[in-house]
Amino acid sequence: MIFGDQAAKLLNKTEQAKVMEYVTSWEEKGIEIGRREGRKEEARQLILRLLRRRFGPLPAEVESQIGQLPIDGLEDLDEASLDFAGLAELRNWLTGPAPISAHLCTTIVQIVRRLR
């Protein structure tokens, strides 16, 4: 490990420990970001696959809109898609006001309870 070798030569033990804390923290953040992005991509691919099977090939703008959704939006779409009778309802869902996610509802309820 080149960085570790250089750090050992240039830094005392306390400084080395501090640097390693930062490096470990950055690695952990990177892993968490990677997991979140992977989860989002998996959810996006799943909902696209289900919608294509149900409605056939999807228009590019619909796929693009789905790709823009955050993970909780993809999860909401997954549930809502069970009720869509056709592609028009999917488009309405995508262009309509964003539904409040279950996570946001839970957070709001928790805040209200704390205020009482």
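No lab work stands behind these numbers, since they all come straight from the coordinates. Everything quoted here is computed from the prediction, not taken from an experiment. With ideal geometry, Cβ positions are generated from the backbone for all residues, glycine too; neighbour counts draw on all protein chains shown.
Treat the count of other C-beta atoms within 10 Å as a stand-in for reagent exposure and order 87, 46, 51 from fewest to most.
46, 87, 51
What shape does region 2-115 have by the C-alpha gyration tensor, where a ≥ b ≥ c are the square roots of the eigenvalues, rounded means a/c under 1.5, and otherwise prolate means a/b greater than b/c and oblate the rest?
Since a/c reaches 1.5 but b/c is at least a/b, the shape of region 2-115 is classed as oblate.
Under the definition of Cα pairs under 8 Å and six or more residues apart, what whole-number percent is the relative contact order of the chain?
Reported as a whole number, the value is 21 percent.
If you stretched the chain out fully between residue 39 and residue 52, how much longer would it get, using 0.36 nm times the residue separation minus the C-alpha to C-alpha distance?
The span from residue 39 to residue 52 would gain 2.7 nm if fully extended.
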